[in-house]
Amino acid sequence: MARKLIAGNWKMNGLLAGATALAGELAARAKGPQAPACDFLVCPPAQLLFPVAELLEDSGIALGAQDCHWAQSGAHTGDISAAMLADAGCSHVILGHSERRGDHGESSAQVKAKVEAAQLAGLIPIICVGETAEERKAGQALQVIEAQLRESLPEAGDVVIAYEPVWAIGTGLTATPGDVAEAHAHIHGLLAAWHGGAAADATAILYGGSVKPENAGELLAVDHVGGALVGGASLKALDFWAIGEACS
Ligand code: PEP
């Protein structure tokens, strides 16, 4: 069975001193004898990528970013390209996070263009999908997930999918294992229908939404959950580590 991926999304948090202390502590733990049987990934804000990359060297912890532009270079003030992220040492990039869709009006078509740009630069995109509370109440959760996935998934190539119900992100509310099982089985089924069973089995489908050490064990044990995308709890080394330990 594939190792689970525990990915930390630091969002717009962290100045140099605190972020390097956090990365340093994670790297020290990862180099120690008690490293859990999972793959760790941290996604700091862009200005911290280079110093964090240096600290993570030889630790086995991968580095990712939180967004990229769909163009390879050019007149896009304030944006960052996938090649720049690869140059900084990233292997992954989070795309289509609900905070990007919400704060910046990103459409699934734009997410797909970013996914393709990331793949071109050799990065593995982590494509986020998930329904709002209103959509869930209206019984539309699976339809929303399906539409976002259909519109943002590339034709081929490695991707990671993150199912993140919007109402569970940063709220302390967590989807029940039953909700997670239903959504993940649906996503796995769609991937199998579109790209074949082997591709579906090989694609990690992460759960994200208020994952913490106390609930990680039961969420990570759900069928078709290939890991977790962790926001708030990834800012504390002990909590992030404990979520990794829940994989074993
Ligand atoms: C996220 O930002 O992707 C996330 C899941 O955040 P939190 O864990 O804080 O809910």
Looking only at segment 194-221, filter to residues that are part of a loop (DSSP other than H, G, I, E, B) and under 19 Å from Asp158 (Cα atoms); which one of those is nearest to the ligand (Cβ to nearest atom)? Ala204
Those residues of segment 31-66 which are in contact with a strand residue (DSSP E or B) (Cβ under 9 Å, 6 or more places away or on another chain), outside any strand (DSSP E or B) and surrounded by fewer than 21 Cβ atoms within 10 Å (Cβ to Cβ) amount to Pro36, Ala37, Pro45, Ala46, Ala53, Ser59, Gly60
If you check Glu155, Glu151, Glu146, which single one turns out to be under 25 Å from Ser107 (Cβ atoms) and in a loop (DSSP other than H, G, I, E, B)? Glu155
Take Gly178 and tell me if it is in a loop (DSSP other than H, G, I, E, B), out of contact with any helix residue (DSSP H, G or I) (no Cβ under 8 Å at 6 or more places or on another chain) and over 16 Å from Leu95 (Cα atoms). no
I want to confirm something. Restricting to segment 88-113 and keeping residues that are crowded, with 20+ Cβ neighbours inside 10 Å and under 12 Å from Val159 (Cα atoms), which single residue is farthest from the ligand (Cβ to nearest atom)? Lys112
Do you know which residues across segment 128-147 are away from the ligand (no atom under 16 Å from the Cβ) and touching a His at 6+ places or on another chain (Cβ under 6 Å)? Leu142
Being open to solvent by 30 Å² or more (accessible area, probe 1.4 Å) and in a helix (DSSP H, G or I) is the filter here, so list the residues in segment 114-129 that pass it. Glu116, Gln119, Leu120
Somewhere in segment 235-243, is a residue within 11 Å of the ligand (Cβ to nearest atom) and either modelled with pLDDT under 95 or crowded, with 20+ Cβ neighbours inside 10 Å (or both)? yes
Return the residues of segment 148-180 that are more than 16 Å from the ligand (Cβ to nearest atom) and open to solvent by 40 Å² or more (accessible area, probe 1.4 Å); say none if nothing qualifies. Arg150, Glu151, Glu155, Ala156, Gly157, Asp158, Pro177, Gly178
Please go through segment 1-30 and pick out each residue that is in a loop (DSSP other than H, G, I, E, B) and within 16 Å of the ligand (Cβ to nearest atom). Trp10, Lys11, Met12, Asn13, Gly14
What are the pairs with Cβ atoms under 7 angstrom where one residue, in segment 170-193, is without any contact (Cβ under 8 Å) to a residue 40 or more places away in the chain and the other, located anywhere, is within 15 Å of the ligand (Cβ to nearest atom) and open to solvent by 40 Å² or more (accessible area, probe 1.4 Å)? Sequence gap at least six, or different chains. Leu173/Trp167
Could you say which residue among Ala75, Ala71, Ala83 is aliphatic (A, V, I, L, M) and either under 17 Å from the mean Cα position of the chain (by Cα) or not in a loop (DSSP other than H, G, I, E, B) (or both)? Ala83
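The values are calculated or read from the model by the stated rules, or taken from the named source; none is laboratory data. Everything numeric here is computed off the predicted structure, so don't read it as measured data. Positions of Cβ are backbone-derived with ideal geometry, glycine not excepted, and every protein chain shown enters the neighbour counts. Areas reflect the complete protein model, heavy atoms only, side chains present, ligands, DNA and RNA absent. Shrake-Rupley method; radii C 1.70, N 1.55, O 1.52, S 1.80 Å.
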